[in-house]
Each structure stands twice: as structure tokens, then as C-alpha cells.
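Just dropping this structure here.
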Amino acid sequence: MKFKTATLSIILVILMVLGTACGGGGNAPQPTNNNNQASNNQPSGKATVIKLAHMSPELPDDAYHMFALRYKEAIESKTNGRFEVELYPAGVLGKDRELAEGLQYGTVDLAVITSSPMGNFVPAFQTLDLPFLFDNWEHVYRFLESDAAEELYKETESAGIITFGLIARGPRSVTNSGKAIESVEGLKGMKIRVIESSIFVDTFTALGAAPQAMSWGEVFTALQQGTIDGHENSIATINNERVYEVQDNVSLTEHIFAFTTAHASKMFWDTLSAEDQKLFKETAKEITIQISKEQEKAEEDFLGRLKAAGMNIYEIDRAPMREMVNSVYEKFAKSNTDKYFKAIEELK
Ligand code: MLT
């Protein structure tokens, strides 16, 4: 009798265990990641993991990283976790050019990159590199909100890249060490690193310098070792990339406006539903405009930080510089469509 009771108990326990295990499948209710958020957007399974990369430091006030953080948060919450955005900052997946190529090959789903290298993939983008193109931030905002900007973004599709929007980062200026550049004459013969863009090279040649086009990844060492005399960048980048550790002076040449672009790989884009494409695009556009306005406000603060770090800041008379770059416009007009240039001029 004792034996029978023990056997029955064992059988009962086995049945209960099996019952519980079976209850986990089939029609039984499933636990969800977002407990009380029943909605049509409820994830049906695992989240789709997407990679968002950029080359800038992971700083809370760096435009590239600000976009990455805000976009991740917005996309994950607006899709109720159907997408998980993994961040790859600080160039771990490459600098601008490699990231643009990654977008083309689909090895990167989303990327925030400097707009100028895009001109090597899509010539229309070179327009944004033209010297003294924008009068001020207001002029830039009018362009960002214009149909012309949307048309320009569409141009990158033929290169396998979707463009969501531009982040305005402010005008670029020149840094050097030793004798400061206090007028355009001071640029004469100076080896200044510029972006790998023909318009940057033409601009600095027209200004009398000896431009050296190189990838951002090589710049800090080149400045440190003195193989170049100086470089040019936005005030935000000069601060965030700690250029003050290897350069003494900033001369406010404000020659070209700096933009960063937010992109998706067309290979990734084509996997999205029309509804998701709209959400990805509109969310990005909203964030790019928001960050542009914050960058404008932060400019004085970045300049103050450079002074505090020991850099000397020099005002420059830009009027002669504007005259000197006329040849850049003449050359551009011969090799590029002036469609976007005209549109930007009309917004003055
Ligand atoms: C560059 O000079 O390559 C870029 O402006 C770097 C940056 O924007 O951080």
C-alpha cells in the first residue's frame, strides 16, 4: 500500500510538471516585453536589431551622438520595441567614408556622417561645401525646411543611401599653432588639413594655403607631429575632439558651413513597410532640426570652452576672402548642376 501511494504521488508530480511545460506553448498567454502596453504595435516576436554608427565621441553635447541617442530612444519607443537600435559611436565601424560605404553595402543600417564626404558619392552634395554659401543660421534653417533640401536628400538614393536630414553645426574656422593667422595673408603657404572634398581643396588653394586633404582619423596625429600646420573645423568639433591639446589658435575664418547628415542604408530601408519608412524619416527630420537649433545656441559655449582650454581666438576680415574664392564658384559651375546653389541663393 505504501508502495502504491508513493508511485501515485510520483506519477502525479510528473503529470503536473508536464502540464506546466505544455502550458508554456500553444495557445497559452505569452509574457511580453512591454507588459501593459497592449497595442497594434505589440512586438510579435524578437525585435529587429539595427546598427547606427558615427565617428564622433560619445559626448552628451556632440551633435552626432545626440542624434544617435535621441533616435534610438524615439524609434524604440514609437515602435513599442519592434526595433532595437544598437549604437556604434567613436568610429568603431569606421570614419565618414567607410560608414558611407557601409550604408551602400548594408553592413551599417543607419549612420550619422559629415555631409562633405557624401559629395564624393553624390556630386550634388558638393553644393553645400561652397565657401560663404550661407549668410547666417537663419538662412541655413530656411534651406533645411525647403523643398530643395528634400530634393537634394533624394539624390543619394541612386548611391544606395537614404538621407533623412541635415544637422547644421555652424561655420568652420582654421586652427594652427605658433604665429597666429590674423588675416587671410597669414594662410599663405600654410599646410592646412581639409576634408577630402575638391571644393575644400579649391577653396584653400584660392586662399593661398597649401591644402592637404586627409581623412579625419589621421588629423590629430598629423597636428601633433607637425606634418601639417593647421586644420579647419566647426567650433564644436575643435572642442569635442580636443584639438586644443595640439593647437594654440583659432582664426574665425568661417569659410564653409559644417553639416552632418543622418542616413539609412537603402538595403535596410527596402525591408521597412511604408508606414515604418514614414516614421523613421519623420522622426529623424524632427531630431535633426531640433539639434541644429541647439548647436546654434551652444556655439558661444564651445568657443568659451576653447578659450578656457588655452586657445587664442582671432577675428578675421572675411571680405577679401569672399573675393578670393570666386574662382571656386566658376569651376563648380562648369562641373556641377547649379540647381541647389540657385535654390539656396533664393533663400537669402
Ligand atoms: C572633418 O573635419 O572630417 C569633420 O568635420 C569632423 C567632424 O565633423 O567631427
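Any read-out appearing in this document is the output of simple, stated calculations on the displayed coordinates, not a laboratory observation. Every value quoted in this text rests on a predicted model; they were computed, and no experiment measured them. Glycine gets a Cβ as well: all are built from the backbone with ideal geometry, and neighbour counts include every protein chain shown.
Please report Rg (one decimal) and Dmax (integer) in Å for the Cα set of segment 169-232.
11.0, 29
To continue, here is another question. Just going by the charge dipole of the chain, with Lys and Arg at +1 and Asp and Glu at -1 on Cβ, which of V49, A319, T253 is farthest out on the positive end?
Final value for the positive-end residue is V49.
Moving to a separate point now. Can you order the peptides 84-96, 54-66, 161-173, 271-283 by their average number of other Cβ atoms within 10 Å per residue, highest first?
Final packing ranking: 161-173, 54-66, 84-96, 271-283.
What does the convex hull of the alpha-carbon atoms of segment 273-330 project to on average, in nm²?
Across all orientations, segment 273-330 yields a mean hull projection of 7.8 nm².
If you place +1 on the Cβ of every Lys and Arg and -1 on the Cβ of every Asp and Glu, how big does the dipole about the Cα centre of segment 229-332 come out, in debye to the nearest 20?
220 debye
Comparing T48, T237, T203, which has the greatest mean-square fluctuation in the GNM of the chain with Cα pairs linked when under 10 Å apart?
T48
If I take R0 = 45 Å and measure r between the Cβ atoms of F220 and T337 in this structure, what FRET efficiency does the formula 1/(1 + (r/R0)^6) give, to the nearest 0.05?
The value I calculate is 0.80.
Right, next: Using a/c under 1.5 as the rounded threshold, could you call segment 118-236 rounded, prolate or oblate? The axes a ≥ b ≥ c are square roots of the C-alpha gyration tensor eigenvalues, and prolate needs a/b larger than b/c, oblate otherwise.
prolate
Tell me which residues come under 5 Å, amide H to amide H, from T253 once H is placed; ignore anything under 5 positions away on its chain.
Result for T253 returns V174.
Give me a comma-separated list of calculated 3J(HN,Hα) values for segment 155-172, in order, Karplus coefficients 6.51, -1.76, 1.60 applied at θ = phi - 60°, integers in Hz, x for any Gly or Pro.
Values, residue by residue: 4, 6, 4, 5, 9, x, 10, 9, 10, 8, x, 9, 9, 7, 10, x, x, 8 Hz.
Residues with amide H under 5 Å of A53's amide H, sequence separation 5 or more or different chain, H placed in the peptide plane at 1.01 Å from N; which?
Correct list: Y88, L110, A111, V112.
For all pairs of alpha-carbon atoms in segment 54-142, what percent lies in each bin of width 10 Å, listed from the first bin to the last filled one?
Per 10 Å bin, starting at zero, the Cα-Cα P(r) for segment 54-142 comes out as 15, 37, 35, 12, 1 percent.
With Cβ to Cβ distances under 13 Å as the rule, what net charge do the other residues near L52 carry (K, R +1; D, E -1)?
Local charge sum for L52: -3.
Using +1 on the beta carbon of Lys and Arg, -1 on that of Asp and Glu, and nothing else charged, what's the dipole of the chain about the Cα centre, debye to 20?
It comes to approximately 1400 debye.
Based on Cα positions only, what radius of gyration and what Dmax would you give for segment 195-348, in angstroms?
18.7, 52
Expressed as a rounded percentage, what relative contact order does the chain have, with Cα pairs under 8 Å and six or more residues apart?
It comes to 22 percent, rounded to a whole number.
Of T271, I235, P211, which is farthest towards the positive pole of the chain's charge dipole, taken about the Cα centre with +1 and -1 on the beta-carbons of Lys, Arg and Asp, Glu respectively?
Of the candidates, T271 comes out farthest on the positive side.
Over the chain, what portion of Cα pair distances is larger than 29 Å, expressed as a whole percent?
Pairs farther apart than 29 Å: 46 percent.
Here's something else I'd like to know. Over the chain, with a Gaussian network built from C-alpha contacts below 10 Å, which listed residue (T253, T227, T261) shows the highest mean-square fluctuation?
Most flexible of the set in this elastic network: T227.
Taking H placed 1.01 Å from N in the peptide plane, check which residues at least 5 places from E84 or on another chain put their amide H under 5 Å from its amide H.
Under 5 Å from the amide H of E84 lie the amide H atoms of T48, V49, I50, each far enough along the sequence or on another chain.
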